[in-house]
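Chemist: Got a structure for you, written out below as structure tokens; questions coming shortly.
Just so you know, all these numbers are worked out from the coordinates, no wet-lab data involved. Just so we're clear, the structure is a prediction, and the values are computed from it rather than from any experiment. Cβ atoms come from the backbone with ideal geometry, glycine included; neighbour counts cover every protein chain shown.
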Amino acid sequence: MFNFTGLDNLNANSFNGGFGGKLYLSPTMAVRGGLQFITASQDFPINLDPGQQGQDGEISASTFGFNGAVEIHSGAGRVSPFIGVGAGFSTTSTENKSLNFGPSSSQRVVKNDPDGETINGNSFVAGNRLDIFGLIGAEFFIVKELSLAAEYRLGFSKISGKDVEVSQGTTSDKFKVGGASGFGIDTGGALTLSFYF
């Protein structure tokens, strides 16, 4: 399964940021699921004169998640409207090591900054995210082995921030971060390309 970003950009992207699959249990019922894994890092080399001490800077982040849904189709024809329910969970962690002129004990490290980190143009915000949603859409079979599906989602999202940890040398502090929630309609699964075999 692959997602499109929209009809104006038909490049097939990974399904929900990872790998996804779908299985028809009967002509009118399908289950789908996906795994999400992203890791990224960016280095910031330090330029030192001979005899100077210092450490390079580095930003890193990782995301892991999974999602699943059940689809109930109204028929087994070439165009198959469906309704369903689904859920997803993901967790993201970040770390920022600042450029440091001096001994390694003076390098400042921030884990899970609530403002997030940007790595190679991609934004990462530390925290845990839970999504629960209902969906309505339709799947169009171009041929038996290939389909396009579009859907709307109405759901609830809950984001819990991870504790922020700031350390420098032997000093370390932790701070709690609040969470957020929302409820609304989303076109997150706007257009999905599926291959069957």
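Chemist: So, in nm, how far is label Leu130 from label Ile185 when the simple model puts each one 7 Å beyond its Cα toward the Cβ?
Modeler: If labels sit at Leu130 and Ile185, their model points lie 2.6 nm apart.
Chemist: Based on the alpha carbon coordinates of the chain, what radius of gyration and maximum Cα-Cα distance (Dmax) apply, in Å?
Modeler: Spelled out, the Cα radius of gyration and Dmax of the chain are 21.9, 75 Å.
Chemist: Still on this structure, I have one more. Show me the ranking of peptides 56-64, 176-184 by mean Cβ neighbours inside 10 Å, starting with the highest.
Modeler: So the order, starting with the most tightly packed, is 56-64, 176-184.
Chemist: Could you give each residue of the stretch 74-90 its phi-based ³J(HN,Hα) in whole Hz, using Karplus coefficients 6.51, -1.76, 1.60 with θ = phi - 60°, and x for Gly or Pro?
Modeler: Once θ is set to phi - 60°, the couplings for the stretch 74-90 become 7, x, 10, x, 5, 10, 10, x, 8, 10, x, 9, x, 8, x, 9, 9 Hz.
Chemist: Hey, another quick one. Would you please give the residues with an amide H less than 5 Å from that of Ile119, counting only those at least 5 places away or on a separate chain, with H modeled from the backbone geometry?
Modeler: Phe124
Chemist: Through the Karplus equation 6.51 cos²θ - 1.76 cosθ + 1.60, θ set to phi - 60°, convert the phi angles of the stretch 157-162 into ³J(HN,Hα) values in whole Hz; use x for Gly and Pro.
Modeler: 10, 10, 10, 10, x, 7
Chemist: Among all the lysines, which ones have a C-alpha under 16 Å from Lys162's C-alpha, if same-chain residues fewer than 8 places away are not counted?
Modeler: Lys162 reaches Lys111, Lys174, Lys176.
Chemist: Here's a follow-up. Order the peptides 138-145, 42-49, 108-115, 124-131 from the highest to the lowest mean number of other Cβ atoms within 10 Å of their residues.
Modeler: 124-131, 108-115, 138-145, 42-49
Chemist: Taking amide H positions as placed 1.01 Å from N in the peptide plane, with prolines and chain starts having none, which residues 5 or more places from Gly54, or on another chain, fall under 5 Å of its amide H?
Modeler: Gly102
Chemist: If you average 1/r across every pair of different Cα atoms in the stretch 63-133 and take the reciprocal, what Kirkwood value do you get, in Å?
Modeler: 15.9
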